[in-house]
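Reviewing the structure listed below.
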């Protein structure tokens, strides 16, 4: 008679430990490469990936069980270890690359949104003080092709903000923000200083108009310099070409309004000059002795307010000149 059958070979501690380490590494990398926030997110991801790993292992063991030699506990452990090593070597690297690609895209999109939001705040009025116009560092936080796109977008946004800051600075230096300061007007004999301020401001407009259009029209060259796929370049260039005429028209209209506002200011100064004896400065306020003069002055103010409102709307709309669709 035969004795009792020998027990099937069991996996040794080294095999068990190696298998546990490999699968723990796969699970940990799978979870934390997604950048979960909070313990609940970590737990949910860990559970999900554990189920997926379990199904993969179950399928592999079921397949190898077709051969008798792989039905022993030790050989099953070997199959699991081999599968784990295969997953680490063959699946994790490309998945890691894809995951990093997604992460760089998200970083670039977030940085581009911040730059666009900064532009939008300035286009919607801002404080009007040059020192309050922020600077944008064009250095990308993302890497690779997404970092290149981020760099171009931040370069364009930074250039537009720098021009806006420089324009406000020059207006401040020539005294335009204080043009209708009541005390200054009261001291301005013949309103000569006021007319000089307006004349200097009007001379600034053509140069800054040209600079802003140059930035807009220079975007295609920046896009062509990107180290991204030609197909992506073509899509961006097509979007720019589609919006170029409208964007140029809006930007031109914005500067036309700037000239009209300055001319409206000139009419207000003329009104004050022609009726000098009927108004005076009471601390920081202009006081009019005749209702007709006050009414005409307020009409000019309302015209300026309407044009400024249109400028702000055009400024926001002109952001369409910058491709804002999320990078994919």
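The values are calculated or read from the model by the stated rules, or taken from the named source; none is laboratory data. This one's a predicted model, so the numbers in the text were calculated from it and none came from an experiment. So basically every Cβ, Gly included, is an ideal-geometry build from the backbone, and we count neighbours across all protein chains shown.
Scanning the stretch 192-219 for residues that are closer than 19 Å to residue 119 by Cβ and assigned to a helix (DSSP H, G or I) turns up 208, 209, 211, 212, 213, 214, 215, 216, 217, 219. Count of the stretch 283-299 residues, restricted to those that are modelled with pLDDT of 90 or more and in contact with a helix residue (DSSP H, G or I) (Cβ under 7 Å, 6 or more places away or on another chain), is 8.
Scan the stretch 285-312 for residues that are farther than 14 Å from residue 179 by Cβ and either exposed (fewer than 15 other Cβ atoms within 10 Å of the Cβ) or within 37 Å of the chain's Cα centre (by Cα) (or both) and the total you get is 19.
Kindly establish whether residue 215 is touching a residue at least 60 places away in the same chain (Cβ under 8 Å) and under 32 Å from the mean Cα position of the chain (by Cα).
Spelling it out, it is not the case that residue 215 is touching a residue at least 60 places away in the same chain (Cβ under 8 Å) and under 32 Å from the mean Cα position of the chain (by Cα).
Screening residue 212 on (1) under 30 Å from residue 271 (Cβ atoms); (2) buried (at least 16 other Cβ atoms within 10 Å of the Cβ) shows it passes everything except condition (1). State yes or no: is residue 162 in contact (Cβ under 8 Å) with a residue 12 or more places away in the chain, under 33 Å from the mean Cα position of the chain (by Cα) and not in a loop (DSSP other than H, G, I, E, B)? Yes: the conditions hold for residue 162.
Can you find a residue in the stretch 131-144 that is assigned to a helix (DSSP H, G or I) and closer than 22 Å to residue 211 by Cα? Break it down into steps so the answer makes sense when it comes.
Filtering the stretch 131-144 down to residues assigned to a helix (DSSP H, G or I) leaves 131-132, 144.
Subsequent filtering for residues that are closer than 22 Å to residue 211 by Cα retains 131-132.
The answer is yes; a qualifying residue exists.
Being in a helix (DSSP H, G or I), at pLDDT 85 or above and surrounded by 18 or more Cβ atoms within 10 Å (Cβ to Cβ): is that true of residue 168 here?
Details: in a helix (DSSP H, G or I): yes; at pLDDT 85 or above: yes; surrounded by 18 or more Cβ atoms within 10 Å (Cβ to Cβ): yes.
Yes, satisfied.
For the stretch 254-269, a tally of residues being under 25 Å from the mean Cα position of the chain (by Cα) and either on the phi > 0 side of the Ramachandran plot or surrounded by fewer than 18 Cβ atoms within 10 Å (Cβ to Cβ) (or both) returns 0.
Taking the stretch 274-284 only, how many residues are surrounded by 15 or more Cβ atoms within 10 Å (Cβ to Cβ) and in contact (Cβ under 8 Å) with a residue 60 or more places away in the chain?
Residues of the stretch 274-284 surrounded by 15 or more Cβ atoms within 10 Å (Cβ to Cβ): 275, 279, 281.
Adding the requirement that they be in contact (Cβ under 8 Å) with a residue 60 or more places away in the chain leaves 281.
Looking only at that region, the number is 1.
When residue 44 is tested against (1) within 32 Å of the chain's Cα centre (by Cα); (2) modelled with pLDDT under 85; (3) farther than 17 Å from residue 84 by Cα, just one condition goes unmet, and that condition is (2).
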